[in-house]
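The values are calculated or read from the model by the stated rules, or taken from the named source; none is laboratory data. Worth saying up front: this structure is predicted, and the values here are computed from it rather than measured. No Cβ is skipped: glycine too gets one built from the backbone with ideal geometry, and neighbour counts run over all protein chains shown.
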C-alpha cells in the first residue's frame with residue numbers, strides 16, 4: 001500500500017474514530033477516575049512508530065534514556081513491517097510488534113493482533129512517537145494503558161483528549177529536542193547517548209575504499225532527491241579528483257535506478273550498487289569499515305552515519321538541517337535556504353508544485369567545497 005492510501009485511511013477513517021473515542025475517553029475518565037500519576041514505575045513501556053527508520057534513530061537517545069530510567073520495564077516497539085529489520089538491528093527493544101501495512105485488510109487484522117497482545121500486559125505505559133497520525137492515537141488509547149504519552153500542537157489538537165500526558169511538539173526546533181521533551185515527561189531527565197552495539201570510535205586513519213552516495217528516501221517528500229544529472233556530476237568529481245571508488249546505497253527498490261546510473265556513466269569498474277545487498281547489521285559494517293564518508297540527502301543513511309560517527313555531507317532542500325542534525329567536525333551540509341523551505345511535512349500543496357528548485361539549483365561547486373573540507377579533516 002502506498003503512502004497516499006495510508007494517509008487517506010488515516011484521515012477518513014481516523015478522524016471519525018477520533019471524535020467517537022475522544023467522547024468515550026472523556027466519559028470513562030470521568031466515571032472510572034483512573035490514576036494517571038507517574039509514581040508507580042511501569043512494567044512495560046510501549047513505543048509506537050509506524051513509519052520512518054530515521055525517526056527511530058533520532059529518537060534513540062531518548063528511548064535509551066527512558067530504558068535506563070526504568071531498567072525493570074520491558075521495552076516494546078509497535079512499527080510497520082517496513083522498518084522492522086532496521087529497528088531490530090539496534091537491539092534497543094525487548095520485543096517488536098508489527099502492523100502489516102501492505103493492504104487495508106492486513107492493517108486491520110494485524111492491528112487487532114497487536115492490541116490483543118498489549119491487553120495481556122499489566123501496568124503499561126504507551127508513548128506515541130508519531131506526530132500527525134490519527135490512527136496511532138486511537139491505537140495508543142485502545143491498548144488501555146494507564147498512562148499514554150503523545151505529541152500535540154495546533155494541527156493535531158484532537159490528541160489532547162486522547163492522551164493522558166501531552167507533550168508539545170515544537171516544529172521549529174531540532175526534532176530530537178521534542179523526543180527529549182517526551183523523555184522528560186516520562187521522568188527520564190538524564191539524557192544518555194545511545195550507541196549502536198558493536199561499533200566503537202573508528203580509526204579515521206585506516207584505509208577506506210569507497211565514498212558512499214545515497215539519493216533515496218521514503219515516499220514522504222520525494223522532492224528531497226537530487227536529479228540524476230547532479231548525482232552523476234558528484235560521481236565524476238569523486239572518480240577524477242579522489243582515490244576512492246563509489247558505493248551507491250539504497251533499498252531493494254532502488255537497485256534498478258542505481259544500475260541505470262552506472263550504465264549511463266559507463267564506469268562499472270569503479271562504482272558498485274549496494275541497493276538491497278545487505279541486511280542492516282552487515283550494512284552498518286560496510287559503511288563503518290569500508291566507506292570514507294557518506295554523501296546523502298535527508299534520509300535514514302544520514303542518521304545511521306551520525307550514529308556510527310562516520311563523516312557525512314548532507315544535502316537539503318524542502319527540509320532544513322536545523323530540524324534534523326547538529327553540525328560538528330564529522331558532518332557538513334549544503335542548504336540554499338530558499339524562502340519557501342521548509343515545505344515538506346508542513347503542507348501537502350508544495351509552493352513549487354513539485355519543481356524542487358531548492359535542490360535543482362544546488363551547484364556542484366557548493367558540494368565540492370564541503371567535500372574537500374571533510375576530506376582534509
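Among the strands (runs of 3 or more DSSP E) confined to the range 257-316, the ones with at least 1 residues that are buried (at least 23 other Cβ atoms within 10 Å of the Cβ) and not assigned by TED's automatic domain parsing to the domain that holds residue 83 are located at 291-297, 312-316.
Of all positions in the range 50-68, at least one carries a residue that is more than 29 Å from residue 218 (Cβ to Cβ), surrounded by fewer than 21 Cβ atoms within 10 Å (Cβ to Cβ) and modelled with pLDDT of 70 or more.
Every condition in (1) at pLDDT below 95; (2) under 25 Å from the mean Cα position of the chain (by Cα) holds for residue 188 except the one numbered (1). A single entry from 218, 200 fulfils the requirement of being surrounded by fewer than 16 Cβ atoms within 10 Å (Cβ to Cβ), modelled with pLDDT under 95 and in a loop (DSSP other than H, G, I, E, B): 200.
If only residues of the range 96-118 that are out of contact with any helix residue (DSSP H, G or I) (no Cβ under 9 Å at 6 or more places or on another chain) and within 25 Å of residue 147 (Cβ to Cβ) are counted, the one that is surrounded by the fewest Cβ atoms within 10 Å (Cβ to Cβ) is 116.
Screening residue 346 on (1) in a strand (DSSP E or B); (2) under 14 Å from residue 224 (Cβ atoms) shows it passes everything except condition (1).
Out of contact with any strand residue (DSSP E or B) (no Cβ under 8 Å at 6 or more places or on another chain), assigned to a loop (DSSP other than H, G, I, E, B) and farther than 25 Å from residue 319 by Cα - does that describe any residue in the range 233-248?
yes
All conditions in (1) crowded, with 18+ Cβ neighbours inside 10 Å; (2) out of contact with any strand residue (DSSP E or B) (no Cβ under 6 Å at 6 or more places or on another chain); (3) in contact (Cβ under 8 Å) with a residue 60 or more places away in the chain; (4) in the same structural domain as residue 21 (by TED's automatic domain parsing) hold for residue 194, with the sole exception of (4). Against the criterion of being surrounded by 18 or more Cβ atoms within 10 Å (Cβ to Cβ), in contact with a strand residue (DSSP E or B) (Cβ under 9 Å, 6 or more places away or on another chain), touching a residue at least 40 places away in the same chain (Cβ under 8 Å) and farther than 30 Å from residue 320 by Cα, residue 139 qualifies.
Once the range 352-374 is narrowed to residues that are over 24 Å from the mean Cα position of the chain (by Cα) and not in a helix (DSSP H, G or I), the residue that is surrounded by the fewest Cβ atoms within 10 Å (Cβ to Cβ) is 353.
Applying the set (1) within 19 Å of the chain's Cα centre (by Cα); (2) not in a helix (DSSP H, G or I) to residue 57 leaves exactly one unmet item: (2). Scanning the range 120-130 for any residue that is without any contact (Cβ under 8 Å) to a residue 40 or more places away in the chain and closer than 20 Å to residue 70 by Cβ turns up at least one such residue. Might you check whether a residue that is assigned to a helix (DSSP H, G or I), more than 20 Å from the chain's Cα centre (by Cα) and either more than 15 Å from residue 303 (Cα to Cα) or in the same structural domain as residue 234 (by TED's automatic domain parsing) (or both) occurs anywhere in the range 324-332? Among the residues of the range 324-332, not one is assigned to a helix (DSSP H, G or I), more than 20 Å from the chain's Cα centre (by Cα) and either more than 15 Å from residue 303 (Cα to Cα) or in the same structural domain as residue 234 (by TED's automatic domain parsing) (or both), which makes the answer no.
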